[in-house]
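Data first, discussion second: the structure below is written as structure tokens.
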Amino acid sequence: MSPDSLPNMKIAASTVVGTTLREHVLMGMHAAPNATGEFTSLINHLSLAIRVFNSKVRAAGLAKLLGYTGETNVQGEEVQKLDAFANDVLLNVLQRSGHCGVIGSEELDEAVFHDHPGKYVVLFDPLDGSSNIDCNIDIGTIFAVLRRADPGDAGSLADALRPGREIVCAGYVVYGPATVFVLSTGHGVHGFTLDPNVGEFFLSMPDIRVPDHGKMYSCNEGNHARWSPAVQRWNAWIKSEDKAEGRPYTHRYVGSLVADAHRTLLKGGIFAYPADSKSMTGKLRLLYEANPISYLLEQAGGAATDGTSRILDMKPTSLHQRVPLVIGSKAEVATFASFVRGER
Ligand code: AHM
Ligand code: MG
């Protein structure tokens with residue numbers, strides 16, 4: 001080895017082990033004067049559940065977990081085996097943590113309440129994009145954490161039915177070519193990639209920012225005939241050619257919210273799942289899909305609305321409420337709203 005390479009070796013040695021998710025959350029705790037360690041412990045429990053579930057996803061074909069259980073969930077959809085497993089793992093690990101007074105899941109008809117004084121409410125979609133499992137396309141987990149108003153009280157649904165602006169932490173995991181955990185505790189958005197050999201998430205995308213403009217639009221165009229005239233006009237506009245204005249945009253749609261939101265977070269542009277004549281109030285769920293994703297988009301400098309109003313200001317009325325969702329770069333979301341207002 002030539003002596004010239006020694007300085008580089010020194011640099012490499014100092015960065016040979018990256019920052020782990022645990023360290024990242026601990027650093028945040030040390031910066032908070034009254035931190036008790038409970039939040040750090042809650043995130044560590046979430047991370048454990050994600051890693052357990054990830055190993056099952058990676059072995060799903062081998063473990064014969066693909067396919068349907070034959071049951072239907074509260075949304076009237078068939079529950080797949082992996083959905084049920086993801087739900088069980090998260091529920092089990094979060095209950096054991098002792099930090100959750102209230103837990104809500106897409107896979108549970110009702111919220112679960114605990115007698116112990118758990119400080120937090122955790123709302124999650126254990127397995128998002130479940131229709132993509134059989135095709136080996138990206139799927140994910142989405143969650144939001146709220147602090148209970150009075151942890152001394154018995155937990156109630158009111159603890160969960162709070163506007164997204166009260167979220168203290170939200171995140172999602174994409175089980176894609178790599179397993180990526182994107183998290184915000186209110187101080188920007190940070191992405192961690194799982195090293196499967198070590199079993200740890202390492203910081204790989206610090207301080208993610210949504211670009212001010214993007215070139216991609218994402219929506220299920222199969223719903224075109226059911227959209228309002230305003231949404232149809234927006235869709236025609238975004239596909240029409242105008243070189244000076246940078247159109248047409250490029251179309252991307254995975255059909256797993258986590259994957260479509262992740263791409264929108266990193267590349268900008270717009271993702272829209274508007275209301276239509278079949279899904280009159282939208283398809284995506286406010287508490288454990290739209291709210292956490294909107295929180296992350298806003299934390300990264302993007303925007304999230306239902307087409308007219310800010311998602312994070314909505315007052316929820318039920319656990320499984322659905323909303324229209326439009327997220328992305330501020331400019332593209334504002335343009336969508338101008339179509340909805342009838343200005344274009
Ligand atoms: P789910 O798989 O948790 O039920 O989530 C619903 C999914 C989202 O991931 C995705 O954005 C949307 O439904 C896709 O809907 P569609 O198939 O109508 O395009
Ligand atoms: Mg979902």
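The values are calculated or read from the model by the stated rules, or taken from the named source; none is laboratory data. Keep in mind the model is a prediction, meaning the values are calculated, not measured. Every residue, glycine as well, gets a Cβ built from its backbone with ideal geometry; the counts of neighbours run over all protein chains shown. In case anyone asks, the SASA skips ligands and DNA or RNA and just uses the protein heavy atoms, side chains included. Shrake-Rupley method; radii C 1.70, N 1.55, O 1.52, S 1.80 Å.
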Practice item. Using every pair of alpha-carbon atoms in the range 194-344, split the distances into 5 Å bins beginning at 0 and state the percent of pairs per bin, rounded to integers. Key: 2, 10, 18, 22, 20, 13, 7, 4, 2, 1, 0
Review point. With the Cα gyration tensor of the range 11-205 giving a ≥ b ≥ c as the square roots of its eigenvalues, does the rule (a/c under 1.5 for rounded; else a/b larger than b/c for prolate; else oblate) give rounded, prolate or oblate?
Key: oblate
Point to revise | Highest-fluctuation residue, Glu71, Glu38, Glu200 considered, GNM on the chain with Cα pairs under 10 Å | key: Glu71
Revision key, fill the gap. Restricted to the chain, the DSSP antiparallel beta bridge percent, nearest 5, is 80
Practice item. Could you work out which residue, out of Leu297, Leu65, Leu183, moves most in a Gaussian network model of the chain, that is, has the largest mean-square fluctuation with Cα springs under 10 Å? Key: Leu65
**Study point:** Within-14-Å neighbourhood charge of Asn220 [Cβ basis; K, R +1; D, E -1]
**Key:** +1
Point to revise | Environment charge of His320, counting only residues whose C-beta is closer than 13 Å and scoring Lys/Arg +1, Asp/Glu -1 | key: -4
Practice item. Please express the Cα-Cα pair-distance distribution P(r) of the chain as a list of whole percents, one per 10 Å bin, running from 0 to the bin with the greatest distance. Key: 5, 25, 33, 23, 10, 3, 1, 0
Exercise for review: Calculate the length of the line joining the C-alpha centroid of the range 108-175 to that of the range 250-275, in whole Å.
Suggested key: 21
Point to revise | Counted charge near Gln95, where neighbours are those whose Cβ lies closer than 14 Å (Asp, Glu -1; Lys, Arg +1) | key: -1
Exercise for review: Please work out the Kirkwood hydrodynamic radius for the range 281-344, using every pair of different C-alpha atoms, and report it in angstroms with one decimal place.
Suggested key: 11.8
Exercise for review: Considering Cα pairs under 8 angstrom that are at least six residues apart, work out the relative contact order of the chain and quote it in whole percent.
Suggested key: 15
Check your understanding: Which entries of Lys215/Lys243; Lys243/Lys330; Lys278/Lys330 show an alpha-carbon separation above 19 angstrom in the structure shown?
Key -> Lys243/Lys330; Lys278/Lys330
Point to revise | Debye intensity ratio in log₁₀ form over the Cα atoms of the range 221-279, taken at each q of 0.20, 0.26 Å⁻¹ | key: -0.88, -1.18
Review point. Across 10 Å bins from the origin, how do the percents of Cα pairs in the range 126-213 run, short distances first?
Key: 14, 34, 33, 17, 2
Practice item. Select from Ala290, Gln232, Thr305 the residue farthest towards the positive end of the dipole of the chain; place +1 on Cβ of Lys and Arg, -1 on Cβ of Asp and Glu, and compute about the Cα centre. Key: Gln232
Check your understanding: Beyond 28 Å, what percent of the Cα pairs of the range 92-249 remain?
Key -> 42
Practice item. Express in whole angstrom the spacing between the alpha-carbon centres of the range 291-314 and the range 42-70. Key: 28
Revision key, fill the gap. In the range 216-340 the DSSP beta bridges are antiparallel at a rate, in percent to nearest 5, of 70
Exercise for review: Let me have the 222 nm mean residue ellipticity of the chain computed from DSSP H runs of 4+ only, each contributing -39500 (n - 2.57), with the sum over all residues rounded to the nearest 500.
Suggested key: -9500 deg cm²/dmol
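Expressed in nm to one decimal, what extension gain is obtained for the pair Met29 and Asp109 from 0.36 nm per residue of sequence separation less their Cα-Cα distance? Present the calculation step by step, with values, prior to reporting the outcome.
Working: separation 80, 0.36 × 80 = 28.80 nm, distance 3.39 nm.
Additional length available on full extension: 25.4 nm.
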Check your understanding: What does the accessible area per residue of the chain come to in Å², with a 1.4 Å probe and no ligands, DNA or RNA counted?
Key -> 45
Study note, to complete from the structure: For the pair Val198 and Glu343, the simple spin-label estimate (label points 7 Å beyond Cα toward Cβ) gives in nm 4.8
